[in-house]
Every structure is written in C-alpha cells, then in structure tokens.
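First the structure, in the form of structure tokens, and then the observations on it.
Just so it is clear, none of the values below were taken in a lab; they were calculated from the coordinates. Because the structure is predicted, anything quoted here is derived from the model rather than measured. Reconstructed Cβ throughout: ideal geometry from the backbone, glycine too, with neighbour counts over all protein chains shown.
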Amino acid sequence: MERFIRNSFRSTCRVASTYSSTGCLVRSNRPEFLLSHDNKLFHNSSKNHGSAKNLARDTRMAGRRRFFKTVDVLATSPPWETVQYSTDSQELIDNPISAGVDGSNSATNISLEKPTMSSMQKFLSPSISSLTTQWYGVTLDGRLLKTPMGTTLSVPSLPLALAIASEWDDQGMYIKPAQMPLMTLVCTTLDQLTIPSVRERTIEDLLRYLRNDTTCYWADATEDRVLHRKQQKHWQDLHNWIDCEIRGLGMKPAIAMGAGEGLVMSRMRASKQFAGLPHSEEMIDNARTFLNGCDSWKLATMQTVTMEAKSFLVGMAIVRGVEGWIDSTRETRHKGKPNPFSHDTKKAVLASRVEEEFQIDNWGLVEGGHDYDRLNCSIQIHAATSLIQS
C-alpha cells in the first residue's frame, strides 16, 4: 500500500475532493518516520473557532513556500478524548484544506458545525474493540496536524498514518491538496461523517445512486453486442454476488436492457414516486440497513467509490470485500457467491469504466482528458479502499 501511495500520488492529477482545495506551501525532506508512545496530545486546540454559524477558520496558505522540514508519525489519543499536552512545545498545525472559510457553505453538503465527542466516539470506533486500538497522528516538525474544523487528525491505524505522512513527504515546492486523497478522505471522515445529520443525508444520497446504478443499465445485445459483452464480463459476477443473502442484498437488482427500456423503467409515475429503476422495497431496506451499520470510515469509502463509479453496488462490493480480507473464519468468507472485487480493487476500477473504455476503444483517447479521468478514478477508488483496508 505504501508503495502505491508513493508511486501513484506523485503524478499530477485532478482529484475531486469533498473539501474545497486551495494551493499552499511545501517542500519536504525525506524523513525517518518517528514513533513516540510517550506523548499524548489534546484533540482540539483553541476554542476560538469564530461564530456559531461558521466554525471553520481560514487555514489557507496559498502560495506560501515550505514551512516544515520533517514529517513524523506520533501515537496519540482518539479524537474524542481530551488529554493535556505533555510539553509546551507540542502544538497543532492548521490544515491547508479549508471548509467554507469564507463564511458560507462554499462546498456542497458541507456542515460547518463541529461534531460532538459522543458522536465521534460512536461513529469513528472501528468494528474491532476501540479499547485495543492505538490511534496515530501526523506531525510536521513535531506539530500535530489537525482537520479544517480544528480536530486532531488522528487515525486508528499505523499503516494509514504512514500513508498520509508519505503524501505530505511527497509534496514538492508547493502543497497541492488535490494530490493528497487519503488526507482529504480522513478529514471528511473526522469532520463530516461523525455528524448525524450529515450521515443521514449521505445515506439518502447513496440510496439514490442505487436506484440509478450504472451497472443496472445494460446495452441491448441486438443493438450493440460488443458493449453488452463487456458489461456482462465486468458486471454479471457483481450482480450474482448481490443476490447472495450472506454478504449481499439478498436479491438481484432490476436491470434495464437498452436505452428505450431504461427510460421507461426509470421515469416517475403514479405508482412510483421516485425516479430510478424499480428495485424491490426489500432490497432498498437491506441497503439502508447496511449503510446504517457502517462506521464513518466505511461510509466515507462507500461515498467515494459510489460517486466515482456511479454505482452503489460497486461501492458495497468494495467495502464487503475488505471485510472479507479480515474475516476470522473460512466459512464466513466462502458462503454464497464469491465477491468479484475481494483481493482485487483493480477489477472494481475496470467495472467503473466499462462504457468510457468502450468509447475510447472505438474513437480514441483524448490526451489531457481521458487519461486524467482514468488516473483519477484509479487513485480515488484505491485510496478509498486503503482507508478501510489498513
């Protein structure tokens, strides 16, 4: 995973982030990753976060050159715990990704309220017991990074902390937040997906993707058999797995064959008050139950993969696939149909780009367009997988 972070994130790419990205600082030396188990840091710095309407502070440092020399990893407390600094020199450092710092909701679906300690503990605790989980933060010249809303950037995994540190380490003369997808995902998880109202909106948005899932709109074999075969190759195993009751949704989704059938099946009517395919209510309820059971880390992965792939089913297979990697018994892993994306995130990327790659094969690749989209899709899905895999 760390090799992927170092190799892939060096490329200049366009990565859509939940927070509005602003360019800043940085040159960084190649550090040794230092780990201290002695220092415990306070999860939040100053109480002066501005007005109640907008608690986000302007942390942008656009155009500023490097302000740190070393990047380290430090053992910290969970973000919901309040612990005093062990020394006066330990401070928190502002994050160059900003959340609505202009006094308005400048980014879509962004809440400018700080999550409560209880909600953070409830939604951030991994599936395993939080009592045995050590949390880690990233420091720049000994100062711990914090999120745009002022919470310590703390994660329950050393490999994940090292991956975020390597993103900072690989920055050039100026900071480019768009090239730090893992840090962006972690900030979104800590600041946004620990707020109940934001989680509810996110779940409803994801269910709308299920009703219009890309993998449920197939080309008619009599109209375009080549595209139909490609869709069948990448999507059929996914639908077979979704039909599994153990890890999937317990039934196959509705499928529209051809553009005409897709328009007819997805339109609203008196008996169907929503736009989208007529999946069964039981399937929608099962999907809602799955989302409500996700912690903030899994929900962030679901949101990123679903939006990138335009497919709820691909996102669910990614999350369930990672869960399968850490299943404790062989029986649980192998009951029912196999997950097509278990152990192979690249297959999920290919399943997300079936129609785009078909058009590229037919009409050619536009440099500076299709190649960037292909790279962005791969980075986003791999980064989201790494968020819960580690």
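Annotations for the structure displayed:
- Shape metrics for segment 170-274, restricted to C-alpha atoms - Rg then Dmax, Å: 19.3, 59
- Remark: the Cα gyration tensor places segment 333-388 in the oblate category, a/c being 1.5 or greater and a/b not exceeding b/c.
- Above-threshold pairs, the threshold being 21 Å between Cα atoms, out of Lys252/Lys310; Lys298/Lys347; Lys122/Lys176; Lys310/Lys337: Lys122/Lys176; Lys310/Lys337
- When you filter the chymotrypsin sites (Phe, Trp or Tyr not before Pro) in segment 189-283 for DSSP loop state and at most 16 other Cβ atoms inside 10 Å of their Cβ, you are left with Phe274.
- Most to least packed among 337-349, 176-188 [average Cβ atoms within 10 Å]: 176-188, 337-349
- Using a Förster distance of 45 Å, the FRET efficiency for Glu356-Lys122 (Cβ separation, nearest 0.05): 0.70
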